[in-house]
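The values are calculated or read from the model by the stated rules, or taken from the named source; none is laboratory data. The structure displayed is predicted, hence computed values, not measured ones. Note that we place each Cβ from the backbone using ideal geometry, even for glycine, and neighbour counts take in every protein chain shown. Just the protein is used for accessible areas: all its heavy atoms, side chains included, with ligands, DNA and RNA removed. Shrake-Rupley method; radii C 1.70, N 1.55, O 1.52, S 1.80 Å.
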Amino acid sequence: MDTRPIGVFDSGLGGLTAVQALRRILPEENLIYFGDTARVPYGGRSRETLLKYARQDLRFLRSFDLKAVVIACGTVSTTSLDTLQKENDLPLVGVVEPTCRRALAMTKNRRVGLIATLASVRSGAYEALLRTLDPAVEAFAQPCPLFVPLVENGRFRPGDIVIETVAREYLAPLLRKDVDTLILGCTHYPLLEEVLSAICGPGVTLVSAGEESAFELKRLLTAQGLRTPPDRQGSAEFYVSDRAEDFEGVASLFLGEDIHHMARRVDIDQY
């Protein structure tokens, strides 16, 4: 048994979908979340910049005594995970492989759509892994660069004409390809699940990156004997690189609890 906390990081609010999933799947675990809100979005950055940011994010989290880290960022997972795993001696869980495995388990017609940031789509990581796991699958990717800034500004609710218009435009090419499964390849995107489901219809299954990474972490901790005893309730700490008040407002709405005065700002450039 190991009661040390689990670190989680993302470019902003999106990783809260992973936090929510971890709280449901591993409720006994303590979590430390870092959102790099000063530098969001990551999706349009170069590989070199993304690796620099990810190293800083990870160095901050490792200032705590952690037992594992969830990289709750599709962009970092597709561009930097291999390098980060080589550089660090604790378990790092990304979102790509568990999400791809789940999508392949769900698809019936072997036509899988992917929505992700521009950097993730450029990397080709999701498509390459899908084809490695199942050479018969057809994968279709669509970059959605406006989703992250819209979500970060609270524009993710059904009935919001801005997000619904943008989502219809992004999803139209994938729906014309007759995909029956859609990978939400950025942890911001599950915040849009109601909007996306309404546009896609009941014939398309949505697969959330954050949720699948939580299941993967549970398997890893169990296999390595790192689980916290189940007879306790875990806690969560929140850190951001920009104004804590801005983060707390939207995060409270999404998590369904008041986290005002709980988030703390850190100077990420020190790491």
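Among the residues of region 7-30, is there at least one that is in a loop (DSSP other than H, G, I, E, B) and among the basic types (Lys, Arg)? No, region 7-30 contains no residue that is in a loop (DSSP other than H, G, I, E, B) and among the basic types (Lys, Arg). Listed by position, the helices (runs of 4 or more DSSP H) enclosed by region 181-268 that each have at least 2 residues that are under 15 Å from residue 70 (Cα atoms) and in contact with a Leu (Cβ under 6 Å, 6 or more places away or on another chain) are 209-223. Only one of the listed residues (181, 187) is β-branched (Val, Ile, Thr) and within 14 Å of residue 14 (Cα to Cα). That residue is 187. Answer with yes or no whether residue 82 is crowded, with 24+ Cβ neighbours inside 10 Å, in a helix (DSSP H, G or I) and out of contact with any helix residue (DSSP H, G or I) (no Cβ under 6 Å at 6 or more places or on another chain). The answer is no for residue 82.
Considering only residues of region 196-249 that are of a type in the set (Asp, Glu) and touching a Pro at 6+ places or on another chain (Cβ under 7 Å), which is most open to solvent (accessible area, probe 1.4 Å)?
Going through region 196-249, the residues of a type in the set (Asp, Glu) turn out to be 211-212, 216, 231, 237, 242, 245-246, 248.
Subset that is touching a Pro at 6+ places or on another chain (Cβ under 7 Å): 212, 216.
Working: 212: 19, 216: 64 Å².
Per the criteria, the residue is 216.
Just one of the listed residues (167, 139) is of a type outside the set (D, E, K, R), part of a helix (DSSP H, G or I) and at pLDDT 95 or above, namely 167.
So, in region 110-130, exactly how many residues are more than 25 Å from residue 51 (Cβ to Cβ) and surrounded by fewer than 17 Cβ atoms within 10 Å (Cβ to Cβ)?
Initial filter on region 110-130 (more than 25 Å from residue 51 (Cβ to Cβ)): 110-113.
Those still in the list that are surrounded by fewer than 17 Cβ atoms within 10 Å (Cβ to Cβ) too: 110-111.
Qualifying residue count, region 110-130: 2.
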